[in-house]
Amino acid sequence: MKFLTLSLLVLVALLSYLLFWPVPVEPVAWQAPKNPGYLGLYASNTKLANLESISLDGQHGPEDFALKPVGTIATATHAGDIMLLLPGSEKFTTWVNTGGRPLGIEFDKQGNLLVADALKGLLSISPSGEISLLTKRVAGTDIVYADDVDVADDGLIYFSDATSKFSAQTFGGTLAASLLEILEHKGNGRLLAYDPKSRSTSVLLEGLVFANGVCVSHDQRFVLVNETGSYRVMRYWISGPKAGTSDVFIDNLPGFPDNIARSPSGGYWLGFASPRSNSLDDLSESPFLRKIVQRMPNAMRPQAQEYGHVIKINENGEVVMDLQDPTGKYPLTTGVLETEDALYISSLTAPSVGRKSVK
């Protein structure tokens, strides 16, 4: 009898926890589009397999790249280091440390490295290595998860605040905070702009479910921003008759889009950190169940899958190249830097930079 009573108490406690324990997310219902899977345009292949590895000297998580005209490649690591690969070298070496988690990076015309730091905000690093804060607030609110950055020919800086709710510093780091934003799906992400002349920051686009990679178009007419949680890339027009409006550039992608970058040969490279989660899609219309999922142990929640995948899309948002590695040997691919002789592949977690020769 005592065992039965104890069992019932344990069961009641467990149910009470699953149903009522406070969690930071307030999920909303949405309808996930049918997953295209690895068929058709995205048919499974091994074109990204057997990458060369370039050492990070013990660091990991080369999230993004920036290229100097002289050929030096910069990357940002989990430990906060900005590392450089000098022409002719086969190893990245540390240049400076931001003291935060640098994610997206880009050089401006003056040789300064612009950094979207998830913990610090939008930074600028001078050629001599001096770090300065450009902006940490917009429209009376803090920028709590600066994610990616690009600069237009006129000097305006476009960058993303992945989520205005789930701070990377407060909620266990960049990956943990991103999962909360995606699970909730309210759309707390924003596309922002910083004007170096007026030192002002403005909100261009709101309501994005984890606003991620940012890229100014080749013709400077629009800015692309990856909406990771909705499996799509949005286009925000910055000139012409559509200026100030937005539309969908490419939709219903087979994975979670991370970074996006111009290709010097035309079009844009897009990286997928992970394939889509069928269980997460199945729960898209069930906020109540998603809340229960958040109360479960971390190992029982949807997780990123190690699957290498990058694509190239043209100016019309059409897929023109698809490179995959189903083994995920180089895991959680975030994007591509294309040079004359190689494709450099970035990652959320890898202890090296991947490289694929194009010659």
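Odds and ends about this structure:
- For segment 188-205, a tally of residues being under 25 Å from F288 (Cα atoms) and surrounded by fewer than 20 Cβ atoms within 10 Å (Cβ to Cβ) returns 0.
For (1) modelled with pLDDT of 95 or more; (2) of a type in the set (G, A, S); (3) surrounded by fewer than 20 Cβ atoms within 10 Å (Cβ to Cβ); (4) over 16 Å from D64 (Cα atoms), each residue gets a yes or a no:
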site	(1), (2), (3), (4)
A299	no, yes, yes, yes
K312	yes, no, no, yes
E318	yes, no, yes, yes
L323	yes, no, no, yes
K329	yes, no, yes, yes
T339	yes, no, yes, no
A342	yes, yes, yes, no
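- Selection of first residues in segment 294-312 that are under 15 Å from L183 (Cα atoms) and of second residues that are modelled with pLDDT under 90, restricted to Cβ pairs under 8 Å at least 6 apart or on distinct chains, gives the following pairs, ordered by first then second residue: Q294/V23; Q294/R301; R295/Y17; R295/L18; R295/W21; R295/V23; M296/L18.
- Selection within segment 79-121 - in a loop (DSSP other than H, G, I, E, B) and either small (G, A, S) or free of Cβ contacts under 8 Å to residues at least 24 places away in the same chain (or both): A79, G80, L86, P87, G88, S89, G99, G100, Q110, G111, N112, A118
- Of everything listed in (1) within 21 Å of A66 (Cβ to Cβ); (2) modelled with pLDDT of 95 or more, the single unmet condition for D281 is (1).
- Remark: pairs (first residue in segment 39-57, over 30 Å from S89 (Cβ atoms); second residue modelled with pLDDT of 95 or more and among the β-branched types (V, I, T); Cβ separation under 7 Å; 6+ apart in sequence or on different chains) = L41/V319.
- Qualifying residue in segment 19-41 (condition: touching a strand residue (DSSP E or B) at 6+ places or on another chain (Cβ under 7 Å) and closer than 28 Å to E181 by Cβ): yes
- Only one of F171, F210, F159, F166 that is crowded, with 18+ Cβ neighbours inside 10 Å and farther than 29 Å from F288 by Cα: F159
- Residues (surrounded by 14 or more Cβ atoms within 10 Å (Cβ to Cβ), among the small types (G, A, S) and assigned to a loop (DSSP other than H, G, I, E, B)) located in segment 43-63: A49, G61
- Where a residue in segment 204-230 is of a type in the set (D, E, K, R) and its partner, wherever it lies, is not in a loop (DSSP other than H, G, I, E, B), with Cβ under 6 Å and at least six apart: E206/R190; E227/L208; E227/M234
- Number of residues in segment 146-176 that are within 15 Å of the chain's Cα centre (by Cα) and in contact (Cβ under 8 Å) with a residue 40 or more places away in the chain equals 16.
- Residues located in segment 146-169, provided they are closer than 18 Å to T98 by Cα, part of a loop (DSSP other than H, G, I, E, B) and at pLDDT 95 or above: S167
- Tallying residues that are more than 30 Å from V353 (Cα to Cα) and either of a type in the set (V, I, T) or assigned to a helix (DSSP H, G or I) (or both) within segment 281-299 yields 11.
- Being surrounded by fewer than 23 Cβ atoms within 10 Å (Cβ to Cβ) and in a strand (DSSP E or B) is a description that applies to L133.
- In segment 117-126 there is no residue that is surrounded by fewer than 18 Cβ atoms within 10 Å (Cβ to Cβ) and not polar (S, T, N, Q).
The values are calculated or read from the model by the stated rules, or taken from the named source; none is laboratory data. Bear in mind that the values here come from a model prediction, so they are computed numbers and not experimental data. Every residue, glycine among them, receives a Cβ derived from its backbone with ideal geometry; neighbour counts consider all protein chains shown.
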